[in-house]
Structures are given as structure tokens and as C-alpha cells.
Amino acid sequence: MLNYWWVTRPKRKLNAIPEVLGAFADLSLNQEWEGQRDSHLAYEDALEVAGLKRKGERRDQTGGGARTYMAWLVSLGLVFKQDSSGKIKLTLAGEAIMNGDSPVQVLSSQVLKYQFPSSFSTGRGVQVAERFKIRPFRFLLKLLDDDKIGCLTEEEIAKIVVTEAENETEKCYNCVVDRIIQFRNFGDKCLEEDFFTKYKPSKGAVNPDHPYSHLTDLANTLVNWLEYTQLAKREDGKLYILDDKHEEVVSILRESPSFIDRPEQHEYFQRKYGIDPKHRKDNRNLAQTQTITARVIARQKIMQAYIAESLERPITRITPQLVDYIVHQTGIDGKLVEEVLVEQYPTGSVGAFMTKYFEMAFKGREEAVDFEKATVELFHDVFGFESKHVGPIGLTPDVLLISDLDGYQAIIDNKAYSKYTISNDHYNRMVHNYIENLANYSESNNNLAFFSYIAGGFGSNIDGQIRNIVNTTGINGSAISVSNVIRMVDIHNSNPFNHQKIKDVFSMNRQVLLKDLT
């Protein structure tokens, strides 16, 4: 039995979940899973071919790797085994991801609902100790939102939180806060003498060279999952709530949903846990088993290929080029590919790509050019601008936007940092190179309406720095976090922004806030 929190981690990040789920749905949906070694091996092959699982010689040829990935999907409430048939079904959350809903929104909901006990945590081979009755990620957010804590390191999570946070009572919470403060003051000296006896690894003995590795590996995975929600981010080894997400976190913590009951009843628990953000309950009648025809198999393959592509670029509509790409990937007849895509994803699924876009905004120089190109694609494909990647020209901003419809142009500079501030050098570039020399890289005769910076986040003095540029040049400007760009895309899907509205939003002469978008 595990005497600390536990999450399974065939991969430490959740980015691959949509593709892993797609591969699973292609091969194993509506099939029996228990004891089906050939199916497990086929799933392992599919994961390796898709680059989702490392290729290599398998030691036992029993499909154990596939079962680990299956457990990952179960643990997040995306699939379940139907009681009556023993066959595998998607929960509503699993269906939502396969239908092209934003995986960040769906999986964030699942992560925040993740609880001990669950059907997974009480299952054979896991068995997290009964003393834990807690939503671990909500608990972590509460700590991060507490002025006495403010941030967490993986070491603090590993040595204090996952071992001692066993419920959500105020007594337990206050005890954990005190213990974290003790750890910050005294380090390992404040740990119990029998620490390694109480919190030994699930398999094998403690590694004498890295005695805490089983817990620090777990803590790293927990942080990765929380980062995926786009509510918090690591900086210099410390996990913080993002500056523009504090209100959202407070709103999340203000609500106190009930624990999901009956974890010992697998289908009941999974269907309740796996309710996606668009539904309140799972009323589906799954009694009738779908007949597995060649068309059903082809449809799953098309959806799997589409999901993989949607994670790499923003898809706003089904185009002949996209159809041709999916035909090339699957070998399925173009007419059927187009029919399935138009039926299943009539308006595309931009949200899937926004996971990658968010991460680009924190990579520094590592993915700077990709961040710029992705911004060009977003403003062209989603918001309908003529957009150009002008950064490579030199002494130019990263992105040029042209709206002939509303008669203006604009410039955007991407900064892949968590707390960007405008240095003197960057101030001079914006004023003297980008704004004053607009004609050097733009052939448009439209007036320059605004400049803007897109970054992971900004320093506290960003508003004053924006106003300095505005006062010098007479051009309106702004800064907007990547989180709020993503919110713009979400809002645009249901209530489209026209170019005049976008001009207004980006001409605030300060940082753009969530309230400015509604």
C-alpha cells in the first residue's frame, strides 16, 4: 500500500494524452481489454509508431507498456470498463477530447477533480493508503494562493506535501503549512526519523544514492500536471500561480464540490468523474454495443490523425489541404476523410493547439521563432488578418498585421518570458526601429494603429513602460499575456471579435486584462 500521493506517469506531462487517447480509441474502443494480450501488444505498437512511446526491445511480450498507458487514461477519468459487457468505453471527457474540444479545458477539469480515493487509486497494483481523502491539485493551489507559502519547490512537495497532506480539513491544511515553513528553516532535519520506513517506494528498496527519488519524481509529475492547467508555472525552480490567474484560482477554491462517491464501483465512479465541462451528468445509454465495421474503424483512424495534427497547428476549418494530409497519413479514401472531418470538426479545433502555444511563451530563446510563427498563424487563421512574419528581416518586430477591412496595420513583438519588462534597448528598438521605420518592412499604406507585446507574463512596471512608448511616438500600445490571447481565441469561437474590437483591445496603453476581452 502506498503511504503517499500517487499518479501514474508513463509520461510526466499531459501533452500527449489526446494522441494516446486517439491511438487507444482506434484499436481498443468497444473491445474487451482484460486478458487481451494481442490487443495490448497492438496498442504498444501503435504508440511506438506514433512516437508516443519509446521504441525498444520488450522484455516480456505481455503488453505491460500498453496497460500502463491504459491506466493513465483510466486515472484521468477518460475511459472505463463497462460492467455489463467488459468492453472499454469513453467517458464524456474522453469523448470531448476526441471531438476536438480544447484538451486543456477538459484535462484541467479532470486534474482539479482528481481525488483520493478513486477507482484508480484503490485499484489492484496502486492502492493509495485509505488515510488520504483529498483533491491533491486543489490542495496545491490553496497552498500557492496562501501568502504564508506563496510558492512551492518540488522538494517541499516531495518531502512534506505528498506524505502529510491527507485531507482537506483546516487542521490538516494548517499543519502542512507549518511543516513547509519548518522545512524551509531546518531542511531534512525536520523530517521524521522513520521517514523512509513510513514512505518507502512502491517497489524495491530505497535507492541509497538518491533516497528521495521516488518522491521527487512524483513531485515533478504533479507540478507538470498543474502547469498543464495553465494556472501555475515554474520559475527558477519554484512553482507560482501565474499573475493573471490569481482571480481564477480564488474562484476555483471558493467553490467546494463534493467528493465523488463509490470509488469501489468502477463504472459508476468513472462516469461521474469523467463528466466534461459542457455537461452536468452522464445520461448516455451505452447498453447497445456498436457494431465494429470497416467504416467505424476508418472513422477512428481519421479522428486519430486529425487530433495529432490539431496539436501542431491551429485548425479553424476543414480545407482541401487538410483532407489531403489526413488521406496521406491514413491511406483512407479522400471522400470518406472529408465526410468524417466535416461532420466531426466543422469549425476545426483551435483549442488543441493552444496547449503548445502557451508553452512557447515560457521557453526563452529556445522556441522564440516558433512562438512568432504561431502568432502569425493565429492572427491569420483565427482573427482573419493579413499577417506576416517580419522578424527575420532584422531590426523589425516579429509580426506585422494588416487589416484592409478596417484600414489599419499593427505590430506585435513576442517575448517568451514569464515576467517580461521593456529594457532601454527594447524601448529604443520599438520607438526608433519598429515604429519610425515601419515603411522599411511594410508595403501597406494603412496607418499604424497599435503596437503590442505578447509574453508569458509581465513585470509590475509594464504599464508605465508601455505609456513611455505611447507618449514618445503617439501610437497606442499594449501588452497581453499568452493566457489572455488564449482567452481571446476561446471567446472568439462563440462571440467573434471584429478587427475594430481587436484594435480597441490592443490600444489600451497598458496591459490587457481579462475584463477588457468581454
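The values are calculated or read from the model by the stated rules, or taken from the named source; none is laboratory data. The structure displayed is predicted, hence computed values, not measured ones. Glycine also receives a Cβ, built like all others from the backbone with ideal geometry; neighbour counts cover every protein chain displayed.
Numerical summary
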item: Condition check for LEU191: over 25 Å from LEU76 (Cα atoms) and either surrounded by 16 or more Cβ atoms within 10 Å (Cβ to Cβ) or at pLDDT 95 or above (or both); result: yes
item: ILE462 vs. criteria under 23 Å from HIS389 (Cα atoms), at pLDDT 95 or above and of a type outside the set (D, E, K, R); result: no
item: Cβ-Cβ under 9 Å pairs, at least 6 apart or on other chains, segment 1-29 side at pLDDT below 90 and of a type in the set (Lys, Arg), far side in a loop (DSSP other than H, G, I, E, B) and surrounded by fewer than 22 Cβ atoms within 10 Å (Cβ to Cβ); result: LYS11/LEU52
item: Residue among ILE454, ILE491, ILE480, ILE462 that alone is surrounded by fewer than 20 Cβ atoms within 10 Å (Cβ to Cβ) and under 27 Å from PHE353 (Cβ atoms); result: ILE491
item: Qualifying residue in segment 336-359 (condition: among the hydrophobic types (A, V, I, L, M, F, W, C), within 24 Å of MET488 (Cβ to Cβ), out of contact with any strand residue (DSSP E or B) (no Cβ under 9 Å at 6 or more places or on another chain) and surrounded by fewer than 22 Cβ atoms within 10 Å (Cβ to Cβ)); result: yes
item: Condition broken by HIS279, with the remaining ones in (1) farther than 26 Å from PHE24 by Cα; (2) out of contact with any strand residue (DSSP E or B) (no Cβ under 9 Å at 6 or more places or on another chain); (3) not in a helix (DSSP H, G or I) satisfied; result: (1)
item: Some residue of segment 128-151 being aromatic (Phe, Trp, Tyr), more than 29 Å from PHE353 (Cβ to Cβ) and part of a loop (DSSP other than H, G, I, E, B); result: yes
item: Helices (runs of 4 or more DSSP H) completely within segment 416-518 that count 2 or more residues being among the basic types (Lys, Arg); result: 499-505
item: Segment 383-394: number of residues that are among the aliphatic types (A, V, I, L, M) and either modelled with pLDDT of 95 or more or under 15 Å from SER452 (Cβ atoms) (or both); result: 1
item: Residue that is in the same structural domain as ASP490 (by TED's automatic domain parsing) and among the basic types (Lys, Arg), where the choices are ARG317, ARG365, ARG284; result: ARG365
item: Breaking point among (1) assigned by TED's automatic domain parsing to the domain that holds PRO496; (2) among the β-branched types (Val, Ile, Thr); (3) farther than 25 Å from VAL505 by Cα; (4) modelled with pLDDT of 95 or more, for ILE402; result: (3)
item: ASP178 within 22 Å of the chain's Cα centre (by Cα), assigned by TED's automatic domain parsing to the domain that holds TRP225, surrounded by fewer than 20 Cβ atoms within 10 Å (Cβ to Cβ) and of a type in the set (D, E, K, R); result: no
item: Those residues of segment 460-510 which are more than 23 Å from GLY407 (Cα to Cα) and under 23 Å from the mean Cα position of the chain (by Cα), in sequence order; result: SER481, VAL482, SER483, ASN484, ILE486, ARG487, ASP490, ILE491, ASN493, SER494
item: Members of segment 361-392 that are crowded, with 21+ Cβ neighbours inside 10 Å and in a loop (DSSP other than H, G, I, E, B); result: ALA361, PHE362, PHE385
item: Candidates LYS335, LYS245, LYS301, LYS272 - the one that is touching a Leu at 6+ places or on another chain (Cβ under 6 Å) and part of a helix (DSSP H, G or I); result: LYS245
item: Close pairs from segment 75-104: first closer than 20 Å to MET354 by Cβ, partner of a type in the set (Phe, Trp, Tyr) and buried (at least 24 other Cβ atoms within 10 Å of the Cβ), Cβ under 7 Å, at least 6 apart; result: none
item: Hits in segment 73-114 - residues which are surrounded by fewer than 21 Cβ atoms within 10 Å (Cβ to Cβ) and not in a helix (DSSP H, G or I); result: LYS81, GLN82, ASP83, SER84, SER85, GLY86, LYS87, ASN99, ASP101
item: Positions within segment 454-474 being more than 14 Å from ASP244 (Cβ to Cβ) and either in contact with a Ser or Thr (Cβ under 9 Å, 6 or more places away or on another chain) or not assigned by TED's automatic domain parsing to the domain that holds ASP413 (or both), in sequence order; result: ASN461, GLN465, ILE466
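Every residue, every condition in (1) surrounded by fewer than 21 Cβ atoms within 10 Å (Cβ to Cβ); (2) in the same structural domain as ARG313 (by TED's automatic domain parsing); (3) over 29 Å from the mean Cα position of the chain (by Cα), yes or no:
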residue: PRO397; (1), (2), (3): no, no, no
residue: ASP413; (1), (2), (3): no, no, no
residue: HIS426; (1), (2), (3): yes, no, yes
residue: ARG429; (1), (2), (3): yes, no, yes
residue: GLU443; (1), (2), (3): yes, no, yes
residue: ASN446; (1), (2), (3): yes, no, yes
residue: PHE450; (1), (2), (3): no, no, yes
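Results for (1) in a helix (DSSP H, G or I); (2) under 21 Å from ALA129 (Cα atoms); (3) in contact with a His (Cβ under 8 Å, 6 or more places away or on another chain), shown as yes or no for each residue.
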site: ILE157; (1), (2), (3): yes, yes, no
site: ILE160; (1), (2), (3): yes, yes, no
site: THR163; (1), (2), (3): yes, yes, no
site: CYS175; (1), (2), (3): yes, yes, no
site: GLU193; (1), (2), (3): no, yes, no
site: PRO201; (1), (2), (3): no, yes, yes
site: ALA205; (1), (2), (3): no, yes, no
site: PRO208; (1), (2), (3): no, no, no
site: HIS214; (1), (2), (3): yes, yes, no
